[in-house]
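The structure under discussion appears below in the form of structure tokens.
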Amino acid sequence: MPPSLRRSIFRSLALAALLAALPAAAQTPSDESLNRLIELQDIPSQIQTILSSPSDIVKQYITRRLSNDNELTPTQRTALAEVLQRYTLRANREVFQSEEVLSELRRIQHDAMRKTYTQEEVDAMIAFYGTPIGQSVLRKQGEFAKTYMPSLISMIDKHNQQAFQRLWPDLQREIEGIMHPNYPGRGKRRSTA
């Protein structure tokens, strides 16, 4: 066999091996499979579980905010926290019993899943969530979020406040520089290293 033919065959085999090794093109999930996944996940129920007891998330947030108001008596703080908690609970119930909101939630979820997952990934989630253990995991997601979210919100809030306190002087200087550009000593940025 001539060397040029051997090289040509070798190149063809190498190219075929490379093409076979490439992953199959990611297929966009079908509407049918996305709708099945959304049905299995039952996100509205998970959200209702999370929001059904604002005493965890909302009460902590409200209490933290109200405790910073030095003009309120402890009785006023408690009364305000209870009122805000009650109205938050009522608003959440009203919102998540609305078919319009639930329909919009499904549309948003559908669009996000289509942009995020491949058909293969959706099929795998359907296979898992369709099992008893998968359903058990889904039922616990709302409780998990109720347990996790207050700590997460508290931690983020604390770090945001600290960052804001550190950044406030620079922000003030920049705002003053924009608002009063010709004022001596204003508008100069401090270098951050």
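The values are calculated or read from the model by the stated rules, or taken from the named source; none is laboratory data. For clarity, every value in this text was computed on a predicted model and none was experimentally measured. Heads up: the accessible areas ignore ligands, DNA and RNA and are worked out on the full protein's heavy atoms, side chains in. Shrake-Rupley method; radii C 1.70, N 1.55, O 1.52, S 1.80 Å.
Against the empirical 2.2 N^0.38 Å scaling, what ratio does the C-alpha Rg of the stretch 130-174 come to? Show your work: numbers first, answer last.
Details: Rg = 18.8 Å, N = 45, 2.2 N^0.38 = 9.3 Å.
Output field value: 2.02.
Here the stretch 73-193 exposes an accessible surface that is 58 percent carbon and sulfur, computed with a 1.4 Å probe and the other protein chains kept in place.
Excluding ligands, DNA and RNA, the accessible surface per residue across the stretch 69-193 is 78 Å² with a 1.4 Å probe.
Rule-of-thumb check for the stretch 85-157: C-alpha Rg over 2.2 N^0.38 Å? Could you put the intermediate results ahead of the total?
Details: Rg = 15.8 Å, N = 73, 2.2 N^0.38 = 11.2 Å.
That ratio works out to 1.41.
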